[in-house]
Amino acid sequence: MICEGFAFEKPAIATNIPAIKNVIRDGYNGILIDVDDPQALAREIIRLADNPQLRRELGRNGKKWLATLPTWDDIAEDIYRVYLDLWTEVKKNWRK
């Protein structure tokens, strides 16, 4: 859901766990809080609600970060090239 929000330039607030830290850079495209800290969550929600400039900045940066990721078309093209290379090698060595 984080990436979907980034696509619409929405900032994210999430827990500071390894998988999430691969997506959110604290203060760049979102806000990371400690696990089991509801006060921090409430504080950061209020901070974003009160600061439209911060919301816009984090949201824009999230969309910029998202644009650096490969698309499904990129991934499909990479897989196609692997299979094509493999098939070329198989055909070359078929009758040896």
Complete set of residues in the range 8-22 that are within 15 Å of ASN61 (Cα to Cα) and at pLDDT 95 or above
PHE8, GLU9, LYS10, PRO11, ALA12, ILE13
Surrounded by fewer than 11 Cβ atoms within 10 Å (Cβ to Cβ), part of a helix (DSSP H, G or I) and modelled with pLDDT under 95: does that describe TRP87?
yes
Criterion violated by TRP94 - all others in (1) surrounded by 11 or more Cβ atoms within 10 Å (Cβ to Cβ); (2) outside any helix (DSSP H, G or I); (3) at pLDDT below 95 satisfied:
(1)
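Rundown of residues vs (1) in contact with a Pro (Cβ under 8 Å, 6 or more places away or on another chain); (2) of a type outside the set (Gly, Ala, Ser); (3) within 17 Å of ASN22 (Cα to Cα), yes/no style:
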{"site": "ASP34", "(1), (2), (3)": "no, yes, yes"}
{"site": "LEU41", "(1), (2), (3)": "no, yes, no"}
{"site": "ARG47", "(1), (2), (3)": "no, yes, no"}
{"site": "LEU58", "(1), (2), (3)": "yes, yes, yes"}
{"site": "LYS63", "(1), (2), (3)": "no, yes, yes"}
{"site": "THR68", "(1), (2), (3)": "no, yes, yes"}
{"site": "TRP72", "(1), (2), (3)": "no, yes, no"}
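The values are calculated or read from the model by the stated rules, or taken from the named source; none is laboratory data. Small disclaimer: the values here were computed from a predicted structure and weren't measured. Backbone-built Cβ (ideal geometry, glycine too); neighbour counts: all protein chains shown.
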